[in-house]
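I have placed the structure first, in the form of structure tokens, so that the comments after it can refer back to it.
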Amino acid sequence: MEKKASKVAVIIFLMFLCAIFFIGIFSFNNDGRYNQSSKVAKYNIDCANTISVVAKKNYDGKVFRNISYEKTNNIVNSKVGNSTLNIDTLELKNNLDVNKIEQTAKKKRKKVKYYSTGSASLNKACDKVLNKIIKPSMSQKQKANAIYNWVSTKIRYSGSSSKDAKRILRVRKGNCFAFCYASKALLTRVGISNKVVKGNSGHHYWNMVKVNGSWYHFDATPGWGKKRFLWTNKQMKKYKYKKLRYSYNASKYPKTP
Amino acid sequence: MKKIITIVLCVLLLTSCSGGNKNSQLSNTEVKLGDNIIKLNQDISDVTKVLGDDYSLEVSKSCMFDGDDKIFTYKDLIINTYPQSENSKDLINAITVKSKDVQLFKDVHIGDKIDDAKKVMDEEPAVDDEDICTYEFEKSGMTFYLEDGTISEIEIFLIQE
């Protein structure tokens, strides 16, 4: 009886050892899978004032959309439409010791309008938000303020953004573009005149709104240290937060008080 | 001999228990892929060292921080980073899970029904819409992106002021 029991114990123990062995193999395979295919093409280039790079690789069903040059911390992006990459030489003049280019292959996507007025589905998405934050008795300024507060707190900053206002309201995340176009959709829906302002660098977007007959800046993107609601040109030009500041061509946009 | 059998059975019982409870080892700011734990606010260079360089990278000038926002897309994960200009680091501010192989702090997965996931979460969501369901914790959050009531993506993120 005792012999039989010891045999059973040994068998169980051996099974246990086998299980550990197979679990180990399975984990190893899981870790190894990242060495299979690459989506990032890297090039070494010689620096000169004029450089063009022809992509040597192509990816089925994908096109190259972004190219970035790295020089220590400086990265410059340029969009390209096909596999021939023409680098912006003006940018390169300031980055003469650039030594690496990275291309990102992205899936081709259907072109979406940034914003369309009168779209029933967009109106529905806007109404869903507005019903919670707007009361008919509110003044224009109060409505604009409620929209500002909602956009700046309920939408989350994320490094990339959809260009579709309806999707932005749905997923509630994005970069300045998302904050700007979500604001635009909501402001338009409540009847407040507004415009999109594009910063000189092309990296920052915000809105202007017409409240009580005057135009003001309205930037709901968070992280700039202060609420920038109904600001004048003077306030915008003067404002600095860490290394962030506003740079835009004021003559292209309505005058502020 | 009976003692030996008892010890072997106890060891087996303990090991199986710890294996089944592995999600509880993660916090709400972590995910686990294979043997690797990836954390919010972690330096991305530590992550690429262990996950390898099979990723696609999108870089864009940040409109919230001083520097560049980056998106590292791996097969199973999308990792967003924000720049910490003082020490030239890129820190993780969001991780999107695209695969069932990635473990979270709760036992929820891509493909689960949102109603089942809500039972597992066992708290009130901060946002509960037909397309997204977001839970907020002290310094982070978790969003389930939904398609017809089924989780298609899960994202954990830092709540940044």
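The values are calculated or read from the model by the stated rules, or taken from the named source; none is laboratory data. Since the structure is predicted, the reported quantities are computational estimates derived from the model, not experimental observations. Counting neighbours? That spans all protein chains shown, and the Cβs are built from the backbone with ideal geometry, glycine included.
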- Item | In the range A:198-243, residue farthest from the other protein chains (Cβ to nearest Cβ) [restricted to those that are in a strand (DSSP E or B) and of a type in the set (Val, Ile, Thr)] | A:Val211
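Rundown of residues vs (1) farther than 22 Å from B:Gln160 by Cβ; (2) modelled with pLDDT of 90 or more, yes/no style:
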site	(1), (2)
A:Lys141	yes, yes
A:Ala144	yes, yes
A:Thr153	no, yes
A:Ser161	no, no
A:Lys166	yes, no
A:Arg170	no, no
A:Phe179	no, yes
A:Ala182	no, yes
A:Gly191	yes, yes
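If we keep just the residues of the range A:244-253 that are assigned to a loop (DSSP other than H, G, I, E, B) and surrounded by 14 or more Cβ atoms within 10 Å (Cβ to Cβ), which is farthest from the other protein chains (Cβ to nearest Cβ)?
At the first step, the residues of the range A:244-253 found to be assigned to a loop (DSSP other than H, G, I, E, B) are A:246-249, A:253.
Those left that are additionally surrounded by 14 or more Cβ atoms within 10 Å (Cβ to Cβ): A:246, A:248, A:253.
Details: A:Tyr246: 11, A:Tyr248: 13, A:Tyr253: 18 Å.
Ranking the qualifying residues of the range A:244-253, first place goes to A:Tyr253.
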- Query: Does B:Ile95 meet the test of being under 22 Å from B:Thr134 (Cα atoms), within 11 Å of chain A (Cβ to nearest Cβ) and either of a type outside the set (Gly, Ala, Ser) or assigned to a strand (DSSP E or B) (or both)?
  - Reply: no
- Task: Kindly indicate whether A:Val209 is at pLDDT 90 or above, crowded, with 16+ Cβ neighbours inside 10 Å and closer than 25 Å to B:Ala126 by Cβ.
- Result: no
- Task: Evaluate the range A:179-197: report whether one residue or more is crowded, with 20+ Cβ neighbours inside 10 Å, among the small types (Gly, Ala, Ser) and within 12 Å of chain B (Cβ to nearest Cβ).
- Result: no
